[in-house]
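The values are calculated or read from the model by the stated rules, or taken from the named source; none is laboratory data. What you see is a predicted model, and the numbers here were worked out from it, not measured in a lab. Backbone-built Cβ (ideal geometry, glycine too); neighbour counts: all protein chains shown. These accessible areas exclude ligands, DNA and RNA; they are computed on the full protein's heavy atoms, side chains included. Shrake-Rupley method; radii C 1.70, N 1.55, O 1.52, S 1.80 Å.
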Amino acid sequence: MALLMGAVAYDPKVVTIWGGFRSWFNEHGFPFDFVLYSNYERQAEDLASGRIDAAWNSPLSWIRSRRLAEANGRRLTPLVMRDTDRDLTSVVVVRADSPYKDLADLKGETIAVGAIDSPQATLLPCSFLAERGLRPGVDITVRRFDVGVGLHGDHIGGERDAARALAAGTVAAACMIDSNHLLFGREGTLAAGSTRVLAQTPRFDHCNMSVSDTVSAEVMRRFGDLLLSMSYVDPQIRPLFDLEGLTSWQSGRTSGYGALEAAVDETSFYSREGAVTAAGYQP
């Protein structure tokens, strides 16, 4: 029986990516198939209940999937990650000509963030700001851009709109992952030299391949070994890696999720058992 993996269709390229990987796995004697979801919440529920064997999970979906699974007496393993999922940071960006010198200067101002469920553009930076005395709704006003809700920030439209608000001067600062700050500069959303980074979060990890105990240890080992064996120099693999934004798979880990776990609890985004408890969140 094929290992069945879930993936969220945040972009049409997802079909190309996992269709290509499906062919590769099957050519290597490993029966593999995938199903697509419109949002991460349904995928997390299906993974935790055993309806799928694995999921390409956002960091937020990993937290919910694990909590749901543990509440049901199941176990999930973060099998692999992309090399580009490790040690990321988000940034608080201001206009280059603004008077703000440090975070304390933003007290009383309005700060733009991404969608309600974006780890990198909302949950993590808001927790970071609160820890440094800028509590959302108390010390600062947060202006949220809810684009692609349910996609956990994979659709970066909310971050891009936050950047546009900063460029237009309607907010004092904007939060985004550092790689998107660079992207927005390259694409012209933020004019070259028009912004500067005021603060940067501690490092965190992003997506992982979460595998359920519905599969045997041997199948899990084989799946992991095959993923880790994929090579960027393989002409069949390279275009898929380019679309998925990696150059190699790395072993999974949980050490980079502590800050997001804390942000989830601070905002009551999910309960300890994995129920969706975030106010106003409709994936």
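A straight chain from SER23 to THR254 at 0.36 nm per residue would run longer than the Cα-Cα distance by 80.2 nm. Counted over the chain, the DSSP beta bridges are approximately 60% antiparallel. In order along the range 234-250, the phi-based Karplus estimate (6.51 cos²θ - 1.76 cosθ + 1.60, θ = phi - 60°) of 3J(HN,Hα) comes to 6, x, 7, 8, 4, x, 5, 4, 4, 5, 8, x, 8, 10, 6, 7, 10 Hz; Gly and Pro are listed as x. As a calculated quantity, the FRET efficiency between ARG132 and VAL219 at R0 = 45 Å, using C-beta atoms, amounts to about 0.50. Here semi-axes √(5λ) of the Cα gyration tensor in Å was calculated from the structure, and among (1) 34, 21, 15; (2) 38, 31, 16; (3) 68, 17, 16 it sits at label (1).
What is the magnitude of the charge dipole of the chain about its Cα centre, with +1 placed on the Cβ of each Lys and Arg, -1 on the Cβ of each Asp and Glu, and no other charges, expressed in debye to the nearest 20?
On the way: 28 positive and 35 negative charges, 47 e Å.
Roughly 220 debye for the chain.
Indicate the gyration tensor shape class of the range 84-219 (rounded, prolate or oblate), computed on the Cα atoms with a ≥ b ≥ c the square roots of the eigenvalues: a/c under 1.5 is rounded; otherwise a/b larger than b/c is prolate and the rest oblate. It is prolate, given that a/c is not under 1.5 and a/b is the larger ratio.
Working out 0.36 nm times the residue gap between ASP105 and ASP178, then minus their Cα-Cα distance, what length gain in nm do you get to one decimal? Please list the in-between numbers first.
Details: separation 73, 0.36 × 73 = 26.28 nm, distance 2.12 nm.
The ASP105-ASP178 span can extend by a further 24.2 nm.
Just to confirm, what accessible area per residue do you get for the range 122-237 at 1.4 Å probe, in whole Å²? Ligands and nucleic acids excluded, the figure is 43 Å² per residue. Between ARG196 and ALA9, the simple label model (points 7 Å from Cα in the Cβ direction) yields a spacing of 4.6 nm.
Once the Cα-Cα distance is subtracted from the 0.36 nm per residue extended length, the THR247 to ALA71 segment shows a gain of 59.8 nm.
Among the helices of the chain (complete DSSP H runs), which have Cα atoms covering no less than 20 Å along the helix axis and a Kyte-Doolittle mean of at least -0.5? Kindly include the intermediate steps, with their values, before the conclusion.
Values: long enough: 13-27 (21 Å, -0.07).
Membrane-span-like by this rule: 13-27.
When both the range 1-77 and the range 177-248 are represented by their alpha-carbon centers, they are found 16 Å apart.
Could you please state how large a percent of the accessible area of the chain is carbon and sulfur, counting protein chains only and using a 1.4 Å probe? Walk me through the intermediate numbers first.
Details: 5890 of 11840 Å².
Percent of accessible area from carbon and sulfur atoms in the chain: 50.
Among the protein heavy atoms, those of LYS101 account for about 150 Å² of accessible surface (1.4 Å probe, every chain in place).
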